[in-house]
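See below for the structure under consideration.
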Amino acid sequence: MPKIPKQTLSPDAGMLLIAGANLLDSNFARTIILLCEHRYEGSFGLVLNQPTSLHLTDVIQDVADWDTQIYSGGPVQENTLHFIHRCPKLEIGSREIFPGVYWGGDFEALNRAVAAKHVDPSDLRFFTGYSGWSEGQLDNEIKRDSWYLSKAKVDTVFHPDSPNHWRHIFKTMGSEYSILASFPDDPRLN
C-alpha cells in the first residue's frame, strides 16, 4: 500500500476534517466537516456533505418567503438547528470561523434580512445537530488517520453536495493524497 504523508496541519477553527478511508462509522464515513471551534476542552464541527430530506419550513414555521435544504451537522443533539453563512455585512451577531464564513447569530434578524432581500438564501446553510469531540479525542483520531486536515475555502464550504465531493477534496490536496480518493467505499471488501 502506498505511504500516505504525515499531516502537517493542526486542528483549528476554519479547517476541514476529511474522513479517512478507514473511518467506517456510519455517522462519519466519507464526510467533510467544517471545524467551527477547537479548544482544549473539546471541538465542534458541522458535516458539510450529508443533506437530509428536511427543509427549513419543516422545522420552523415562521420563516420569510424562502426555504432551503437542511444538512445533518452530526449525531450530537440532532434536535438543535445551526447555520453558517458567507455574508460579511450581515450584522446578526455571527462568529467568524475563517475569513468569509460565519457561524450562528440571531435567527430572527437573519429572517428579517432574508425577507428584505438583503441576503440570498444560497449564502446560507442549515444543519440539525453537530459533530463534537471531548478533550483530546479529535487529536487522537487525527493521529490514527481517521481524519485528514485541509484549510477551508468559502467555495468548498458552500460547494453543492455531490456523491464525489469527498473524493474531490482529496484530489485537490495534492498527488500524495489522491490515493485516498480511489479507496473503495468499504476498504474491507477490496
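Readers should treat all values here as calculations from the given coordinates under stated rules, not as data from a laboratory. Note that the coordinates shown come from a computational prediction; the quantities given were computed from them, not determined experimentally. Positions of Cβ are backbone-derived with ideal geometry, glycine not excepted, and every protein chain shown enters the neighbour counts.
Data table
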{"item": "E96 being surrounded by fewer than 19 Cβ atoms within 10 Å (Cβ to Cβ), acidic (D, E) and over 16 Å from A13 (Cα atoms)", "result": "no"}
{"item": "Members of region 118-148 that are of a type outside the set (D, E, K, R), under 23 Å from G174 (Cα atoms) and not in a strand (DSSP E or B)", "result": "I142, S146"}
{"item": "Enumeration of residues in region 99-110 that are surrounded by fewer than 16 Cβ atoms within 10 Å (Cβ to Cβ) and more than 20 Å from the chain's Cα centre (by Cα)", "result": "D106, E108, A109"}
{"item": "All positions within region 111-137 that are of a type in the set (A, V, I, L, M) and either crowded, with 17+ Cβ neighbours inside 10 Å or within 19 Å of H159 (Cβ to Cβ) (or both)", "result": "A113, V114, V119, L124"}
{"item": "Condition met for S10 (loosely packed, with under 14 Cβ neighbours inside 10 Å, of a type in the set (S, T, Y), under 20 Å from the mean Cα position of the chain (by Cα) and farther than 18 Å from Y130 by Cα)", "result": "yes"}
{"item": "Residues being over 16 Å from I142 (Cβ atoms) and part of a loop (DSSP other than H, G, I, E, B) - total across region 20-64", "result": "14"}
{"item": "Selection within region 65-101 - of a type in the set (F, W, Y), assigned to a strand (DSSP E or B) and either touching a Gly at 6+ places or on another chain (Cβ under 7 Å) or more than 15 Å from L48 (Cβ to Cβ) (or both)", "result": "F83, F98"}
{"item": "Every pair of residues 6+ apart whose Cβ atoms lie under 7 Å, when the first sits in region 67-92 and is without any contact (Cβ under 8 Å) to a residue 24 or more places away in the chain while the second is surrounded by 14 or more Cβ atoms within 10 Å (Cβ to Cβ) and in a loop (DSSP other than H, G, I, E, B)", "result": "P88/G100; I92/G105"}
{"item": "Flag if I60 is of a type in the set (V, I, T) and touching a Gly at 6+ places or on another chain (Cβ under 8 Å)", "result": "no"}
